Amino acid sequence: MVLPAPRALALDTLSRRPFDLLVVGGGINGAGIARDAVLRGIRTALVEQGDFASGTSSRSSKLIHGGLRYLEQGHIRLVLEACRERERLRRLAPHLVRPQRFVFPIYEGGPVGRAKLAAGLFAYDVLAGLWNVHRHCMLSARGVATAEPSLRASGLRGAGVYWDCWTDDARLVVETMLSASEEGATVASYVALTGFLKEGGRLVGARARDRLHGTEIEIRAHVVVNATGPWAEAVAALDEPGHVHLRLTKGVHLVVPRARVGNRDAIVLHAVQDGRVLFVIPWGAQTLIGTTDTDHPGGPDAPPEVEPSDVAYLLDTVNHYFPAARLAPTDVVSAFAGLRPLIAPGGGASVSPSDVSREEEVFVSPAGLVTLAGGKLTTYRRMAAGVVDRVVAELHRHGDRRRLGGSRTHDLPLPGATANPAVLADAALSRNGHGLAPAVVEHLADRYGRRLGELLDLVGRQRALGAPIVPSLPDARAEVAVAVEREWACTVEDVLRRRTHVALQDPASGTEVADDVAALMAGHLGWDSEAVNAAAVTYREGVLRARRRWR
């Protein structure tokens, strides 16, 4: 395979140039740390063993939220910080972080009564303060029936209505990484850490392997940050075993046809089996259902699988509260599982997976490895700033005399940020939409924000790129080219699962267009016909293997 010029340059730079900071891990935390650091003038490198956002950061409930249920658990500070960060992200990436209305129905005999819910939502509003999206309100049973007519009417006593935000989690990672790269960070995916470099008992870099070609490289850096999520404990053990302890829990989500469920807004439900809170979230023509929360004893290298019991757990609840849905496993469009890298409770405490704290902690080993563990998507920017503060302290401790300022990420928008994607789309259509349907232009504006022009320029030069990847979805073929050329996509899965949503929203999960997508990627990656076929086959086999497990 021929390396795309940006990746070849990045790999060469990693092996030849000394850095102030090496970040290991290309999820939302690693991307946030790299962006924060390079904006302070820190020479920054980042490596990720797979695709960016390929782990936990693309397998979430896709919510930017204050965490209403954390309030009930007494995590006041976590909720307060999350509400503040939710509002910041709305300003920094308004095309990716959108307000979402939630309806929390109250049923006779349920775990939450009207008075308790009203008090909780009032407290949620108070904590959000000036950072609130909208104030909550309470609905009568009749009001709920009007707002969500598909909800179960039997035993319904009313509902609380509040607001949080929805996001495209993988796209948030990619845009954060784009910003880091544009500011000067050297980033590379499919580069796996194999060990650390030490001199005099102190970390001075790492050894890594390019997984696409098998070449070994050494990366020199004054400070190394371990932001590998579920792999944080294993990576820390390469430096000093026993320094970090995680408890991995698995969360499963299902995507089903929204017309079958009938939800208009996001709905908060209590699972039929155990009373856990889960969400039913509108996602275009689909509904996203999740999540489960069970221990994952296999470790991070044992991929979390969607099991028949996970599907049954989620569908039983949805079918109970939406009686007309009658969903069966064969109705599930797609399913995905992710791991939560939670900090293990100390002292051998027996705590259920759902009660383990979502707060983060930063560990610094005697050799200087900085490890971030725990945390949640909503607060990634604040966590990253805190980690970089520790990096600056480490640099100063070892003789760096530069005046490195504080974090700048609290008011610097992401690359695609624009005040209103709808205005962007209207302006593009009024000038020249290159024959694209308004819905497609609006979709591109929503996903890429002010980067919409990149896509339209491609379509202008090659009209065939304006065609949809699959007929039923607005994702355009031009997005394949942008994914490879500008966004580090190296496999068909990178394109269909994380740069676009075809794998999650197409009933065939993109298996019927895998050959076409691989052929579109070939010109950018230097693939011959054999490589194109292999890439498509690998993708199809992966999808079918996962589906056979739970269907």
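A few remarks follow.
- Criterion (of a type in the set (D, E, K, R), surrounded by 15 or more Cβ atoms within 10 Å (Cβ to Cβ) and assigned by TED's automatic domain parsing to the domain that holds Arg258) met by exactly one of Arg157, Arg220: Arg157
- Taking residues in region 132-151 that are within 23 Å of His65 (Cβ to Cβ), and partners anywhere that are in a loop (DSSP other than H, G, I, E, B) and of a type in the set (D, E, K, R), the pairs with Cβ atoms closer than 8 Å and at least 6 places apart or on different chains are Ala147/Arg264; Ala147/Asp265; Glu148/Arg264; Glu148/Asp265.
- The residue of region 175-206 that is farthest from Thr500 (Cα to Cα), among those that are of a type in the set (Val, Ile, Thr) and touching a helix residue (DSSP H, G or I) at 6+ places or on another chain (Cβ under 7 Å), is Thr186.
- Matching entry among Asp426, Asp446 (being under 30 Å from Glu81 (Cα atoms) and in a helix (DSSP H, G or I)): Asp446
- Residues within region 319-364 that are closer than 30 Å to Val391 by Cα and assigned to a loop (DSSP other than H, G, I, E, B), tallied: 7
- Positions within region 37-69 being of a type in the set (D, E, K, R) and at pLDDT below 90, in sequence order: Arg69
- So Ala31, is it without any contact (Cβ under 8 Å) to a residue 12 or more places away in the chain and of a type in the set (A, V, I, L, M, F, W, C): no
- Screening Val38, Val47, Val24 for residues that are over 22 Å from Ala237 (Cα atoms) and under 23 Å from the mean Cα position of the chain (by Cα) leaves exactly one candidate, Val38.
- Failed condition for Arg451, given (1) buried (at least 16 other Cβ atoms within 10 Å of the Cβ); (2) under 30 Å from Arg202 (Cα atoms): (2)
- Any strands (runs of 3 or more DSSP E) falling wholly within region 70-185 and containing at least 3 residues that are modelled with pLDDT of 95 or more and in contact with a His (Cβ under 8 Å, 6 or more places away or on another chain): 156-167
- Taking residues in region 422-440 that are among the β-branched types (Val, Ile, Thr), and partners anywhere that are in a helix (DSSP H, G or I), the pairs with Cβ atoms closer than 8 Å and at least 6 places apart or on different chains are Val440/Gly466.
- Annotation note: Cβ proximity below 6 Å between a residue of region 388-404 that is under 24 Å from Asn29 (Cα atoms) and a residue that is crowded, with 18+ Cβ neighbours inside 10 Å and of a type in the set (D, E, K, R) (sequence gap 6+ or interchain) occurs for Val388/Asp36; Leu404/Arg40.
- When Arg247 is tested against (1) touching a helix residue (DSSP H, G or I) at 6+ places or on another chain (Cβ under 8 Å); (2) surrounded by fewer than 17 Cβ atoms within 10 Å (Cβ to Cβ); (3) charged (D, E, K, R), just one condition goes unmet, and that condition is (2).
- Search result, residues across region 258-272 that are touching a helix residue (DSSP H, G or I) at 6+ places or on another chain (Cβ under 7 Å) and not charged (D, E, K, R): Val261, Leu269, Ala271, Val272
- Check on Pro413, touching a residue at least 24 places away in the same chain (Cβ under 8 Å) and not in a loop (DSSP other than H, G, I, E, B): no
- Close pairs from region 178-200: first without any contact (Cβ under 8 Å) to a residue 60 or more places away in the chain, partner among the basic types (Lys, Arg) and in a strand (DSSP E or B), Cβ under 9 Å, at least 6 apart: Thr194/Arg207; Thr194/Arg209; Gly195/Arg207; Leu197/Arg207; Leu197/Arg220
The values are calculated or read from the model by the stated rules, or taken from the named source; none is laboratory data. Remember, predicted model here, so these are calculated numbers, not experimental data. For neighbour counting, all protein chains shown are included, and Cβ atoms are generated from backbone atoms with ideal geometry for every residue, glycine included.
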